[in-house]
Amino acid sequence: MLLETDSGPLYFESHGDGRPVVFVSGWAMSCECWRPAVAMLKRSYRCLIYDSRGVARSQPSSVNAGFTIEDHAEDLHYLLEASGIYDATIVAHELGSLIAAVDADRHPQDLNSLVVVSPRRGFSQDDVRNLAVFTPASLALRELAAYPLLRNLVARRFRRAPQPYRDRLFEDFAELSPRAAYETALSASTGEAAMILDALIERTTTPVLFVCGEKDQKGADEARRLFSLSKAGKLATMRGSGFLPMLEYRRQFAKLVGDFVLAQREPDRRPILRF
């Protein structure tokens, strides 16, 4: 389905019935990364997935569209409002956690609980400078595959994803709006959204589940740091998994999320879990 906005269309899908679980993808990734988990979770919950503006089917964006973390957060809120969803469990991957945090900061009615998957604080200034060289708006990303920097960046992100999801993520990346890729990374590099996420986790009693892969060192380090700030957090480290635990170990991941949503009715401690 397409939701029309002033900045362009937003592609989304809603599956199942029950308590709402909303999935927010990471940088330059389509909602296809969530499909295996949603196939299992939709039996008990209402699952909403969508492509961020400028990604996959959420194109073309208007010439005046912005691609800051704040712009993406307002898209998330607009989509939830249009779908009649509030008090949702938001499951956010990588930079998606920054989008979810800004949305929750601006629209607290949207969030009931949060699942942070393979988190990152943003992009470094060096990464953004490199992207500025390789993603001018006049070029399609598929034409830049010969550049080692971009090829290695994509390969690192998707190399552990099983088929057919790996090919679909590569295809969606190839069709990505270069302006969306660059401007989102630039916004994430300022650190402002990361500070909002830190503040949200520090002050809130909203339950938070941090999920990281054992082989994703950056994600594991950041998940542990965020967990240390949390008053109501749980940390789950998935053995053998890397950057994409929702694809690499989809059954275990879906069970983690499903159990977490179900447990919101009951108080719990803060154990560190390993799977």
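Below 8 Å, C-alpha to C-alpha, sequence gap of six or more: please give me the relative contact order for the chain in percent. Walk me through the numbers before you get to the answer.
On the way: 557 pairs, mean separation 55.4, N = 275.
20 percent.
Where does each of Val22, Val63, Val117, Val208 land when they are ranked from fewest to most other beta-carbon atoms within 10 angstrom? Don't jump to the answer; show the numbers that get you there.
On the way: Val22 26, Val63 8, Val117 32, Val208 23.
Ordered by Cβ neighbours within 10 Å, fewest first: Val63, Val208, Val22, Val117.
Divide, for the chain, the radius of gyration over alpha carbons by 2.2 N^0.38 Å, where N is the residue count. Please report the intermediate quantities before stating the final value.
Numbers: Rg = 17.2 Å, N = 275, 2.2 N^0.38 = 18.6 Å.
Normalised Cα radius of gyration, the chain: 0.93.
What is the angle, in °, between the Cα long axis of helix 250-262 and the longest principal axis of the Cα atoms in the chain? Nearest 10 is fine, range 0 to 90.
In the chain, helix 250-262 runs at an angle near 50 degrees to the longest axis.
Neighbouring Cβ atoms within 10 Å as the yardstick, rank Thr190, Thr204 fewest first. Kindly include the intermediate steps, with their values, before the conclusion.
Working: Thr190 15, Thr204 18.
Exposure proxy ranking, most exposed first: Thr190, Thr204.
With the chain treated as a Gaussian network of Cα nodes joined by springs under 10 Å, which of Thr205, Thr237, Thr184 yields the largest mean-square fluctuation?
Looking only at Thr205, Thr237, Thr184, the biggest GNM fluctuation is shown by Thr205.
Can you bin the stretch 1-90 into rounded, prolate or oblate? Criterion: square roots of the alpha carbon gyration tensor eigenvalues sorted a ≥ b ≥ c, rounded for a/c under 1.5, prolate for a/b above b/c, oblate for the rest. Could the numbers behind the result be given before it?
Details: a/c = 2.09, a/b = 1.66, b/c = 1.26.
Verdict is prolate for the stretch 1-90.
So what is the 222 nm mean residue ellipticity for the chain from helices alone, if each DSSP H run of at least 4 adds -39500 (n - 2.57) and you divide by all residues, rounding to the nearest 500 deg cm²/dmol? Write down the numbers at each step before the final one.
On the way: 11 runs with 116 residues, N = 275.
About -12500 deg cm²/dmol.
Can you sort Trp27, Trp34 from fewest to most other Cβ atoms within 10 Å of each residue's own Cβ? Don't jump to the answer; show the numbers that get you there.
Working: Trp27 21, Trp34 30.
With the sparsest Cβ surroundings first, the list reads Trp27, Trp34.
Between the alpha-carbon centers of the stretch 34-106 and the stretch 202-261, tell me the distance in whole angstrom.
The stretch 34-106 and the stretch 202-261 have Cα centres separated by 19 Å.
Against the longest principal axis of the chain, how steep is helix 148-158, in degrees 0 to 90 to the nearest 10, with axes from Cα atoms?
Its long axis makes an angle of about 30 degrees.
Using 7 Å Cα-to-Cβ label points, what is the Lys231/Gln125 separation (nm, one decimal)?
In this crude spin-label approximation the distance works out to 3.5 nm.
Using a Gaussian network model on the chain with a 10 Å cutoff between Cα atoms, which of Asp110, Asp87, Asp126 fluctuates the most?
Asp126
On the first, second and third principal axes, largest extent first, how far apart are the outermost C-alpha atoms of the stretch 57-123 in Å?
Rounded to whole Å, the extents work out to 35, 31, 22 Å.
Can you give the angle from 0 to 90° between the axis of helix 165-174 and the longest principal axis of the chain, with both taken from C-alpha atoms, to the nearest 10?
With rounding to tens, the tilt is 40 degrees.
A short reminder: the numbers here are calculations on the coordinates, not readings from a lab. The structure presented is a predicted model; accordingly, all values stated were derived computationally and were not measured. Neighbour counts are summed over all protein chains in view; Cβ atoms, including those assigned to glycine, are modelled from backbone coordinates with ideal geometry.
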